[in-house]
Amino acid sequence: MRAKEFLTEQDLASVHDNLDIASLSLPYTYMMPELNNSNFYDIYRFGVAIAAVRGEAGDKDKVQDQNRPDFRASSQWGQHLIVSSFDPNVGKVIDKALSKTNHKGKISVSTPGSEEMKDTYKVSPVKGFKGYN
């Protein structure tokens, strides 16, 4: 066999860019010029917004609608990074990591322990019986 029978070279003039390929092969493809694909917070919030729109378009179950929170364009913490851990020493780890990346400062936004919300029912509906602790 001669190599030229099964080896081919691609002419660089025929190489397509992403938009050429998407315009022909991906149905219903849209670009959002105001959303930067390197801003992960905006990407995340846009995904949450899509989920909210889909959820709002579903069946109008009254119980579900009462429990559904309103969508907000930004979260309560905005674009600030949140780290949560059960490790009581995580604050020291965060401080060291911030120092390594030439950053400083953290703000505690929670209690030191895990607590129930005030409206959480804490009494078991199961009545205790002999041998039950």
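The values are calculated or read from the model by the stated rules, or taken from the named source; none is laboratory data. Source: prediction; values computed, not measured. In this analysis, Cβ positions are derived from the backbone assuming ideal geometry, glycine residues included, and neighbour counts consider all displayed protein chains.
A few comments on the model shown:
Residue-wise test of (1) within 24 Å of the chain's Cα centre (by Cα); (2) at pLDDT 90 or above; (3) not in a helix (DSSP H, G or I).
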site	(1), (2), (3)
Ala51	yes, no, no
Asp70	yes, no, yes
Ser84	yes, no, yes
Asp95	no, yes, no
Lys118	no, no, yes
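- When Ser99 is tested against the conditions (1) surrounded by 10 or more Cβ atoms within 10 Å (Cβ to Cβ); (2) assigned to a loop (DSSP other than H, G, I, E, B), the lone failure is (2).
- Among the residues of the range 104-133, those that are within 30 Å of Asn39 (Cβ to Cβ), of a type outside the set (Ser, Thr, Tyr) and loosely packed, with under 10 Cβ neighbours inside 10 Å comprise Lys104, Gly105, Ile107.
- Ser124 vs. criteria of a type in the set (Ser, Thr, Tyr), more than 16 Å from the chain's Cα centre (by Cα) and at negative phi: yes
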